[in-house]
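Some notes on the structure that comes next.
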Amino acid sequence: MLKLGVITPVEKPTDWVNRVVLSETTNSKGEIVKKQLDTAFEGLDGITGIADGTFVYGSSEEEHDANLVKLTERAKVKGVVFNREKLQFKCKEVSFFGHSWTPQGMKPDNKKVSEILDMKPPEDAKSLQSFLGLVSYLTSYSGRLATLSSPLRDLTKKDVAYCWGPEHTRAFDEVKNEVSSLGVLRYFDPDVETTIQTDASLKGLGAALTEVEQRYSSVEREALGVVWGLERFHYFVYGKKCTVHTDHKPLETIFRKKLSSCPSRLQRFVLRALKYDVTVTYVKGEQVPIADSLSRVSPQAVPLKGQLPQLDIHQITNTLPASPIKLQQIRNETADDSVLNKLREVVYQGWPATREQCPQLLHDYWNFREELTIQDGLILKQERIVMPPNLREDVLTTIHEGHLGQVKCLLRARSAVFWPGITKDIIKVV
């Protein structure tokens, strides 16, 4: 303890001295050994370790051998002795703390997999937590493990009685089947074009959405998913070409548009993506299973870096040529209109893949579906309010006040309001 700086001897009583009291505790030998090894091998390249294990690596056999020679020389100087029985020397495949490194990539250690497959259904919450702990160690190899284990995790929540049922047995067996067929994670190759799979649901982006972000429309969530994926893997994709696969087709168009032609909140996402050489490509949902699975399982809420505030949209609604009373009237009429109610639902939940699958009453909105957002009970097409049918006559009267010409009336309308066929309606009035 003196060597580690835990205690300091004193020659006479002082105000800050406490007596040393021996107490029974967990074995900290591994932690002490780890600190000593870190100190002994400090500054060496190609060396890593956990607890009392040391791992030597290199990008080539020559580099590995050079690092190994330096390690043995340092060990001799520092008096470090290796365990001959545990030594694995110049292996093509090596197991290290639950993982196996192979020439093809990284995969789960067979011992770890066998340990999970041999486990019986847990009889209490503590045993279940042990099982889930082992499974969570392998989630990097499968996007489905988190989804499959969701019913089991529910049993570990506070104030939830442990009551094992058929759905838990089914989830337990499905998790073990998934563990038995885990694949290999290939090593990152900077010379190969990188592809990022993104998906967003009402729950998450492979992480968790904040309360503000949960109110985003479907297209906004999906755009946030693309940007979050790029920023999450910045180290791997910055400065090189990469492709983002998304199952939300409108994003293909949005990320090719000029910044000024995107809705205001989407402009922030497009702007954040400009620093990447990225192509957004639509693929069917079943072709992005990992991202889809991660987006539907939400852990405890963790704020995402770069959380977007509501400031821009508030500025838009506050600068519209309408009083707060008028805006409230628009909200009320929107809520009472069956078409706009359905439109608001589809904008929030997400549009179908094709126009044929879209409800007939919303066909007029299909061509500009990616421009629609929801804010404070209002439906916006970019910065323009989508007006309910009952208020459109009043809008036409207001626009024509002062007997402006046709062109000025159209410009005035396009700065604030919208509905399908608004141009034809204005031409009829003027």
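What is the distance, in nm, between label points placed 7 Å from the Cα along the Cα-to-Cβ direction at Asn332 and at Val429?
2.1 nm
On a C-alpha basis, how far is the centre of segment 39-67 from the centre of segment 68-103 in Å? Whole number, if you could?
Here the answer is 8 Å between Cα centres.
Under a Cβ-only charge scheme (Lys and Arg +1, Asp and Glu -1), can you give me the dipole magnitude of segment 324-429 about the Cα centre, in debye to the nearest 20?
Computed charge dipole of segment 324-429: roughly 300 debye.
Under a crude label model (7 Å from the Cα following the beta-carbon direction), how far is Leu274 from Asp45 in nanometres?
3.9 nm
At 0.36 nm per residue, and after removing the present C-alpha to C-alpha distance, how many nm does the segment from Phe368 to Val283 gain when stretched out fully?
28.5 nm
Multiply the residue gap between Ser130 and Asp159 by 0.36 nm, knock off their C-alpha separation, and tell me the result in nm, one decimal place.
My answer for the length gained is 8.5 nm.
Measuring from label point to label point, each 7 Å out along Cα→Cβ, what is the Arg186 to Glu31 span in nm?
4.2 nm
Starting from the Cα of Leu259, move 7 Å in the Cα-to-Cβ direction to define the label point; list residues of segment 375-392 whose amide nitrogen is under 19 Å from there.
382-383
So how do 373-386, 220-233, 55-68, 150-163 stack up, highest first, on mean other-Cβ count within 10 Å? Kindly include the intermediate steps, with their values, before the conclusion.
Details: 373-386: 19.7, 220-233: 23.3, 55-68: 13.4, 150-163: 11.9.
Sorting 373-386, 220-233, 55-68, 150-163 by mean packing, highest first, produces 220-233, 373-386, 55-68, 150-163.
For segment 324-429, just the Cα atoms, rotate onto the principal axes and tell me the three extents in Å, largest first.
Principal extents (Cα only, largest first): 43, 29, 20 Å.
Applying 1/(1 + (r/R0)^6) with R0 = 51 Å to the Cβ-Cβ distance of Glu123 and Glu11, what FRET efficiency is obtained, to the nearest 0.05?
Between Glu123 and Glu11 the formula returns 0.35.
Any chance you could check the Cα centroid distance between segment 355-369 and segment 138-187 for me, in angstrom?
39 Å
Using the Cα centre as the reference, give the magnitude of the dipole from point charges on the C-beta atoms of segment 42-118 (Lys, Arg: +1; Asp, Glu: -1; all else neutral), rounded to the nearest 20 debye. Please report the intermediate quantities before stating the final value.
Values: 11 positive and 13 negative charges, 41 e Å.
In total the dipole reaches around 200 debye.
Along the charge dipole of segment 324-429, Cβ charges K/R +1 and D/E -1, which of Met387, Thr398, Pro359 sits furthest on the positive end?
It is Thr398.
We did not get these values from a lab; they are worked out from the coordinates using the rules stated. Computed from a prediction, not measured in an experiment: that's the story for all the values here. No Cβ is skipped: glycine too gets one built from the backbone with ideal geometry, and neighbour counts run over all protein chains shown.
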